[in-house]
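In what follows, a single structure is set out as C-alpha cells and then discussed.
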Amino acid sequence: MTTAPLTEKKVRITSIDLLRGLVMLIMAIDHVRDIFHLGQPDPTDLATTTPILFFTRWITHFCAPTFVFLSGISAYLAGTRRSRGELSLFLIKRGLWLIFVEVAVVNLGMTLNPLYNVQILQVIWAIGGSMILLGLLLACRASLPVIGIIGAIIFLGHNIFDFYDPGAIAKTFVWKLLVSAAGFNGVESLGHNHFLLVAYALIPWTGVMLIGFVFGSLYKTGADALRRKMVLLYSGLGLLAVFLIFRSFNWYGDPSPWSVQKTTTLSVLSFFNVTKYPCSLLYLCMTIGTALVLLAGAEGAKGRWASIVIVYGNVPFFYYVCHWYLIQVFHVILFFAFGFRPGQIINPNNPFLFEPPAFGVNLLGVYIIWLVVIGLLYWPCRWFSRYKKSHRQWWLSYV
C-alpha cells in the first residue's frame, strides 16, 4: 500500500462540507420514518396526510439533488489534482465501486434480508452511474462547456416526455433504468422471487452531476470568491423563480400539476408536492435552487453548530453506510422490545425483514430515534474525518 506525502494534503471547502453535512443529517429523517413510522402512511397523499407529516417528507426532498450536485463539484475538484485521463479513470472506478456498495452493502442495510430478494437502486447508484458517464465524457475529451451544455439539455429537457408518449419503449427495463423510473412502477422481476426496484433513473440525475461539475470551476484555485457567491446566489434565485412561475401556471416541468384543494393548507401542500420519482425539472429547480442560495450563504460560515455539521459533511459516504446499519440496530432492538417473536421476522408479503404490520412508533418517536442516530454517529464521523486528514492511503479516495 502506498502513502502519498502529507504535503499533498487535500483542501476542504467549508461551505461545501457544511451544506453536505446538513443534507446528510436531514436525509436520515426519511429513512427513520420509512422504517419506524407506525402504519407507514404516505406523507404526500393529500387525502390522508397532515402538514407535519408532509413536511417530514418534503424537507428530505432537498437531500438527494444536493448530494448529487455536490458530488459533481467534488469530481471537478478531484480533477485539479489529476490529469484528465487520471480523472476519467478515477471516476469510472469509483462509480463502479459505488454501484457495488449500493447493491451489496446498502441494500442489506435497508432490508436486513441476507437473501437479497429485492435490490433497490437509489442515490448511491445514481451517483455511481453518473460518475461513470462523466468519466466517459472526459475520456472522449469533452470540454467543460460541452459538459455544461449536455447537462443543461438533460436538466431542462427530460420532462419533454410528459407531452410525447414514447410508446412501448417506456415499458422496457432499459427505459426505466435510464430515463423514467417511477417508484414501484420501476419494479422488475429477476426470477426466483427476486426483484429489482429502480428508484432513481440514471440520466436525469446525470444531468444534475454534470451541472455540478461545471459549477466546480467556481472553486478552482485563484477563483474570485465574490464572483462565486454572486453566481451561486443568482443561479439559485433563478432556479427558484423558474419553479414558482412554471409551477404556478402548471406550464411545464412536472407530470403532476398542483390544484386548489378544500383548504388553503392542502392547496399549499399541493403546490409543493412535486415529483421525485422520476425527478422532475420543478423538483430539481426547487431543491437545487435552494441549495445554491445556501451554498452562497455558507461561505465563511463559522461557529459551534457549523463545526459540528461540517464533521458529517467531511465523511458523507462513511456516514451514509453507517447510518443505515445503526438505524437497523435500533430496528431490531425495538422489534423484540415491543414483544414481537422470531417467527414474525419474516413477512411473506414483504421482502424487508423485521417489519410485521403492527410494528412502529408515532411521528414524535420517529424524530426522537432520528436525533439519537445522528447524535451517536458524530463520534465515529469525527474520528474518520481526522483519520482522512492525517493519512493519504489511496483507498481513502473511495470512502
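If each residue's Cβ is checked for other Cβ atoms within 10 Å, how do 317, 54, 173 rank with the fewest at the top? Don't skip to the answer; put the middle values down first.
Details: 317 18, 54 21, 173 12.
Least crowded to most crowded, the residues run 173, 317, 54.
Using a Förster distance of 22 angstrom, determine the FRET efficiency expected from the C-beta separation of residue 192 and residue 161, and round it to 0.05.
Calculated transfer efficiency: 0.10.
Taking amide H positions as placed in the peptide plane 1.01 Å from N, state which residues far from residue 200 in sequence (5 or more) or on other chains have amide H under 5 Å from it.
121
Considering amide H positions built from the backbone, and no H for Pro or chain starts, which residues 5 or more places from residue 195, or on another chain, come under 5 Å of its amide H?
HN-HN under 5 Å from residue 195: 118, 119, 190.
Given the C-alpha centroids of segment 263-293 and segment 68-101, what is the distance between them in whole angstrom?
Comparing the Cα centres of segment 263-293 and segment 68-101, I get a distance of 29 Å.
What residue among 271, 225, 288 has its Cα farthest toward the positive end of the dipole of segment 160-301, where the charges are +1 on Lys, Arg and -1 on Asp, Glu, each on the Cβ?
225
Treat the count of other C-beta atoms within 10 Å as a stand-in for reagent exposure and order 33, 304 from fewest to most.
304, 33
Could you tell me the calculated FRET efficiency between residue 249 and residue 152, based on Cβ-Cβ distance and R0 = 22 angstrom, to the nearest 0.05?
The calculated FRET efficiency here is 0.50.
Please report, in debye to the nearest 20, how large the charge dipole of the chain is about its Cα centre when each Lys and Arg carries +1 at its beta carbon and each Asp and Glu carries -1 there.
Approximately 1480 debye in magnitude.
When the expected Rg is taken as 2.2 N^0.38 Å, what fraction or multiple of it is the alpha-carbon Rg of the chain?
This ratio for the chain stands at 0.99.
First measure r as the distance between the Cβ atoms of residue 47 and residue 387, then evaluate 1/(1 + (r/R0)^6) with R0 = 56 Å and state the FRET efficiency to the nearest 0.05.
About 0.70, to the nearest 0.05.
Hydropathy at least 1.0 by Kyte-Doolittle, axial extent at least 30 angstrom from the Cα trace: which helices of the chain, defined as entire DSSP H runs, fit?
Counting only whole DSSP H runs, the qualifying helices are 14-36, 225-249, 316-337.
Modelled label-to-label distance, residue 265 and residue 304, 7 Å Cα→beta-carbon offset: nm?
3.4
DSSP loop trypsin sites (Lys or Arg not before Pro) in segment 65-149 with at most 12 other Cβ atoms within 10 Å of their Cβ, which ones?
141
Find how many whole Å separate the alpha carbon centroid of segment 160-232 from the alpha carbon centroid of segment 346-388.
Going from one Cα centre to the other spans 27 Å.
FYI, it's all coordinate maths here, none of it is from the lab. Because the structure is a prediction, the values reported are computed rather than measured. All Cβ positions, even for glycine, are placed from backbone atoms using ideal geometry, and neighbour counts span all protein chains on display.
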